[in-house]
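A.B. asks: Take a look at the following structure, please.
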Amino acid sequence: MFTTHVVRQRIILVILGLVLLAGGGWGLASVWWGLPAGNDFGQAEIGNSLPIDQQYLVPLGLAIGIAGMVLSLAVLITAIPRRPAAHKFRYESRTEGVSEIETSVIAKAAETAAQTQPEIVDANVQIGGSATEPVLYARFTLRADAPANRGIELVNDRVIPDLEMVLGAPFASKHVSFSFQKPEKQDSQKAVLI
Amino acid sequence: MNRFWHVRSARTLTLAISFAILLAASMILALSCILRLVDGRWPGIAEQGIDALLGLRFNDNLAVIAMAVLAVLGLVLMLSALVPGRRQSILLTSDEPSARSEQAISCRGISTLVGHEVERTDSVTRARVKTSPALVHVRVQTPAHSVQRVQDNAQARVQAVIDGLPLQRAPKVKVSVQRRGGN
């Protein structure tokens, strides 16, 4: 159950693509069509337009290198797919004082409870958000040889309401995905007619 | 509501490769500058690169090829970012964005379900299923001579499975049968 920031990834790629396209395109346009007008750009030596002999070349190169490293590392780290983080929910009661619950413990209990149902083969549950506005991320794998509707109804009518009851608050948002798994043994009663 | 499951494919691999190359280039540049500061001269590879650049004109073949490669690379990156990826799930009827409830079924899960059902059909020895939000394509292998009958049976079964799922938009079903084995 991993997620990445799709929009951010695409925006970064667009910016990088635009920079490369603009650089390469401008260079080609300058060589082939003499842009900007009046400059004989094509005949110019590349070395003349670079600050090769300038004193600031090394500090500038070092700064660009370090900035490039920091930027690249930042982008690579943020691109790593992540699981929604588990939280510690804090409850305050006049009679029972303050109590804390790890959402990962509730999620694990919900997974175990769901897997005891014959329709559900596997469950992967994560609870985020806050104690008053919990958020559910869950993937349930249902048996392919059981009616699909029954498994989906079971999750929606039993598993999720039970979780909300344990948390003491309805989920502010729910993100549920279903999948299926084949039974280990196939039906041996079918006929192969040639 | 921000969706978690029903999202278009990310561009993690393209981004990772691009920025790994940028990281390597930045490290080489920074290292070369540090060595220049320490030793007072450029390291061998950097010196060769600077010498090559000094003698190069903008309309030399090497420079033109490098600029063309840059432009093409930029275009490829932009296209990969702008072309929308395919979603790998189908929304269920119980999905309600207004109630902040996202419910989806994975295309891989539908393939498993359909494959299991088709392989239970008489005379079917093997079924391979590929599912997208628009199409469920089933390739069936059978030793039977009456290919049309197997195709009709498989088509009916797959359609029944898809109709039985509470999908917001059911994909079309396409069954192709290949005769293999038998006499």
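A.B. asks: With more than 7 Å from every other protein chain (Cβ to nearest Cβ) and over 26 Å from A:Thr4 (Cβ atoms) as the only criterion, which of B:Asp95, B:Asp60 stands out? Please lay out each step first, then the result.
C.D. replies: Working: B:Asp95 fails: over 26 Å from A:Thr4 (Cβ atoms).
Result of the check over B:Asp95, B:Asp60: B:Asp60.
A.B. asks: Just to be sure I understand, how many residues within region A:158-185 are β-branched (Val, Ile, Thr) and under 12 Å from A:Thr141 (Cα atoms)?
C.D. replies: Here is the first cut: in region A:158-185, the residues β-branched (Val, Ile, Thr) are A:159-160, A:166, A:176.
Cutting the leftovers down to under 12 Å from A:Thr141 (Cα atoms) gives us A:176.
Final tally of qualifying residues: 1.
A.B. asks: Same structure, new question: Quick one: count up the residues across region B:25-83 that are assigned to a loop (DSSP other than H, G, I, E, B) and of a type in the set (Lys, Arg).
C.D. replies: So the first thing to find is which residues in region B:25-83 are assigned to a loop (DSSP other than H, G, I, E, B), and the list is B:40-43, B:55-56, B:58-60, B:83.
Adding the requirement that they be of a type in the set (Lys, Arg) leaves B:41.
Adding up the residues that qualify gives 1.
A.B. asks: Also: How many residues does region B:8-44 hold that are within 23 Å of the chain's Cα centre (by Cα) and surrounded by fewer than 18 Cβ atoms within 10 Å (Cβ to Cβ)? If you could, list the steps in order and put the result at the bottom.
C.D. replies: Applying the first criterion (within 23 Å of the chain's Cα centre (by Cα)) to region B:8-44 yields B:8-21.
Okay, now just the ones that are also surrounded by fewer than 18 Cβ atoms within 10 Å (Cβ to Cβ), so B:8-9, B:12-13, B:16-17, B:20-21.
So the count comes out to 8.
A.B. asks: Just the residues that are polar (S, T, N, Q) and under 20 Å from A:Phe180 (Cβ atoms), please, taken from region B:156-183.
C.D. replies: B:Gln159, B:Gln168, listed by residue number.
A.B. asks: Hey, another quick one. Inspect region B:115-127 for any residue being surrounded by fewer than 14 Cβ atoms within 10 Å (Cβ to Cβ) and at the interface with chain A (Cβ under 8 Å from one of its Cβ atoms) and give the result as yes or no. Lay out the reasoning, then the answer.
C.D. replies: First, pick out the residues of region B:115-127 that are surrounded by fewer than 14 Cβ atoms within 10 Å (Cβ to Cβ): none.
No: region B:115-127 contains no residue that is surrounded by fewer than 14 Cβ atoms within 10 Å (Cβ to Cβ) and at the interface with chain A (Cβ under 8 Å from one of its Cβ atoms).
A.B. asks: Hey, among the residues in region B:21-57 that are of a type in the set (Lys, Arg) and over 29 Å from A:Leu76 (Cα atoms), which one's farthest from the other protein chains (Cβ to nearest Cβ)?
C.D. replies: B:Arg41
A.B. asks: With the structure loaded, tell me whether B:Glu102 is under 30 Å from B:Gln141 (Cβ atoms) and surrounded by 14 or more Cβ atoms within 10 Å (Cβ to Cβ) or whether it fails that test. Explain how you work it out, then say what you get.
C.D. replies: Working: under 30 Å from B:Gln141 (Cβ atoms): no; surrounded by 14 or more Cβ atoms within 10 Å (Cβ to Cβ): yes.
No.
A.B. asks: Next question. Do any strands (runs of 3 or more DSSP E) entirely within region A:82-158 hold 3 or more residues that are in contact with a Leu (Cβ under 9 Å, 6 or more places away or on another chain), and if so, which?
C.D. replies: Working: elements: A:88-93, A:97-102, A:120-129, A:134-143.
In region A:82-158, A:120-129, A:134-143 are the strands (runs of 3 or more DSSP E) which contain 3 or more residues that are in contact with a Leu (Cβ under 9 Å, 6 or more places away or on another chain).
A.B. asks: Looking at this structure, is B:Ser176 modelled with pLDDT under 95, over 27 Å from A:Glu184 (Cβ atoms), assigned to a strand (DSSP E or B) and more than 7 Å from chain A (Cβ to nearest Cβ)?
C.D. replies: So B:Ser176 fits the description; yes.
A.B. asks: I'd like to check something: does region B:139-151 contain any residue that is closer than 30 Å to A:Asp157 by Cβ and either more than 10 Å from chain A (Cβ to nearest Cβ) or of a type outside the set (Ser, Thr, Tyr) (or both)?
C.D. replies: Taking region B:139-151 first, the residues closer than 30 Å to A:Asp157 by Cβ are none.
Looking for residues that are closer than 30 Å to A:Asp157 by Cβ and either more than 10 Å from chain A (Cβ to nearest Cβ) or of a type outside the set (Ser, Thr, Tyr) (or both), one finds none in region B:139-151, hence no.
A.B. asks: Please identify the pairs in which a residue from region B:154-175 that is of a type in the set (D, E, K, R) has its Cβ atom under 6 Å from the Cβ atom of a residue that is part of a strand (DSSP E or B), counting only partners at least 6 apart or on another chain.
C.D. replies: Listed by first residue and then by second, the contacts come to B:Lys172/B:Leu135; B:Lys174/B:His137.
A.B. asks: Right, something else. Only one of A:Ile77, A:Ile66 is of a type in the set (A, V, I, L, M, F, W, C) and more than 30 Å from A:Val176 (Cβ to Cβ). Can you tell me which? Walk me through it before giving the result.
C.D. replies: Working: A:Ile77 fails: more than 30 Å from A:Val176 (Cβ to Cβ).
Result of the check over A:Ile77, A:Ile66: A:Ile66.
A.B. asks: When region A:138-185 is examined, which residues are found to be among the hydrophobic types (A, V, I, L, M, F, W, C), modelled with pLDDT of 90 or more and in contact with a Ser or Thr (Cβ under 6 Å, 6 or more places away or on another chain)?
C.D. replies: Result: A:Phe180, single match.
The values are calculated or read from the model by the stated rules, or taken from the named source; none is laboratory data. Computed from a predicted structure; not experimentally measured. In this analysis, Cβ positions are derived from the backbone assuming ideal geometry, glycine residues included, and neighbour counts consider all displayed protein chains.
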